[in-house]
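Only one structure is covered here, and it is reproduced in the block below.
The values are calculated or read from the model by the stated rules, or taken from the named source; none is laboratory data. Everything numeric here is computed off the predicted structure, so don't read it as measured data. Because the Cβ atoms are built from the backbone with ideal geometry, glycine has one as well, and the counts that use them run over all protein chains shown.
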Amino acid sequence: MAFEDMFSAMPDIIAVMPALIYGTQVIFYIVFIWMCGSLAMLGWKKHTSFMPRTGLTLLTGLLCIFASASFAGFVPFFSTGVMHIFFVDAMIAGILVAAVLSAALLLITHGLVVPRPDDIAETLKKKVAVLEEKLRSKANQIQADDAKKIAEREMPGYAATSAKLIGDEWEVGLLKGDNAGKVVIDAWDGSVKQKMKKFDAVEFFSDVHRIIGFGVLIAVLVASVVFFEGFPNPSESFYSLFGITPDDMAGMSDSLRGNPFVAGNLPEGCIAPFFFTEYDAQFQDDQFLLDHLYENDSVKAMVEEKSADSVRMMIGIEHEGRGIVVAFTESKKSCYLTDGKFCACMEGRQ
């Protein structure tokens, strides 16, 4: 029977449960980190290539799970009872932190030029158009003054000091105080191919959006450290919910392995004891017991010897074409025989 096979497999199932619970916890962390990291990077996915995006996603995801462990207790309604046991509060806190980080990253990178696929496609269209004009001998290269104006527009606050034509490109030198910069411009269509300047912290942080973004990021980090009470531990919550430990589960597995009913170590020819569940109601019915009374002194003596107990009553039934004798003892054991062969006794069946 399928039920009997499943029941016999219970020791092995229980034995691997701690490993399964731990594996589930690892999967929980991976999914949680990737989900929160992806949300935090939502505004910048299209601006970064695969490897940098993956690294930043994992980094922000780790920060989110760290912060979620700190802020879970502050999520109304979800921070108590079964919601807390299943980490609904931590997941909601992680999602909220990811949304805050996403906004902070957008503020920090405010004003920074990042090429987009659409921009690149538009640039290529312009270049093709210029090449067509050039083939018709109608296109003219832009002049040095125009190149300087384009460069100054690209780098506000810098003044162009030189413009040198090298091949089909203008290299424009710029200065802002002691800080030098350079912009490379296509001589035919005026598109900016490259711009370089020394990092200026004052200029970078002069943008109020970036100041707010860094402020939010620092506030999240500080609060996460202050309120941190440990990472979510699904396996520990599972054991706590059922009031058991991994050692308890190992003990249950060992105990079941030693049980002949489960392990399938009954004497050859014995029917499995699962038939008891089908007759529970009948065994409580006095009329059924009277109708199936069984008397046999040799069988009674055999049961008393095997069970070390006095037999109170025996009944005989037919089950799946087999003759079953069930003996109830004075200490509430239920012993049974199959076709005259003693099989086993169970405690507390009646």
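Can you list the helices (runs of 4 or more DSSP H) found entirely within the stretch 172-251 that contain at least 1 residues being at pLDDT 70 or above and within 30 Å of Val31 (Cβ to Cβ)? Steps first, answer last, please.
Details: elements: 201-204, 208-227, 234-242.
Of the helices (runs of 4 or more DSSP H) lying wholly inside the stretch 172-251, those with at least 1 residues that are at pLDDT 70 or above and within 30 Å of Val31 (Cβ to Cβ) span 208-227.
Tally time: how many residues in the stretch 266-299 are free of Cβ contacts under 8 Å to residues at least 12 places away in the same chain, of a type in the set (Gly, Ala, Ser) and within 16 Å of Cys345 (Cα to Cα)?
Within the stretch 266-299, residues that are free of Cβ contacts under 8 Å to residues at least 12 places away in the same chain, of a type in the set (Gly, Ala, Ser) and within 16 Å of Cys345 (Cα to Cα) number 0.
Do the conditions hold for Ile324, that is, is it over 53 Å from the mean Cα position of the chain (by Cα) and either assigned to a strand (DSSP E or B) or within 17 Å of Ile271 (Cα to Cα) (or both)?
Details: over 53 Å from the mean Cα position of the chain (by Cα): no; either assigned to a strand (DSSP E or B) or within 17 Å of Ile271 (Cα to Cα) (or both): yes.
Criteria not met by Ile324.
Six or more apart or on different chains, Cβ under 8 Å: which pairs go from a residue in the stretch 303-317 that's assigned to a helix (DSSP H, G or I) to one that's surrounded by fewer than 18 Cβ atoms within 10 Å (Cβ to Cβ)? Could you list them?
Here the result reads Glu304/Ser310, each pair linking the stretch 303-317 to a residue that is surrounded by fewer than 18 Cβ atoms within 10 Å (Cβ to Cβ).
Of the residues Phe50, Phe77, Phe71, which single one is among the aromatic types (Phe, Trp, Tyr), under 24 Å from Ala223 (Cβ atoms), exposed (fewer than 15 other Cβ atoms within 10 Å of the Cβ) and modelled with pLDDT under 80?
Values: Phe50 fails: under 24 Å from Ala223 (Cβ atoms); Phe71 fails: exposed (fewer than 15 other Cβ atoms within 10 Å of the Cβ).
The unique qualifying residue is Phe77.
Just one of Ala163, Ala144, Ala159 is assigned by TED's automatic domain parsing to the domain that holds Glu122, more than 21 Å from Leu124 (Cβ to Cβ), modelled with pLDDT of 85 or more and touching a helix residue (DSSP H, G or I) at 6+ places or on another chain (Cβ under 6 Å); which is it?
Working: Ala144 fails: touching a helix residue (DSSP H, G or I) at 6+ places or on another chain (Cβ under 6 Å); Ala159 fails: touching a helix residue (DSSP H, G or I) at 6+ places or on another chain (Cβ under 6 Å).
Within the list Ala163, Ala144, Ala159, the selection yields Ala163.
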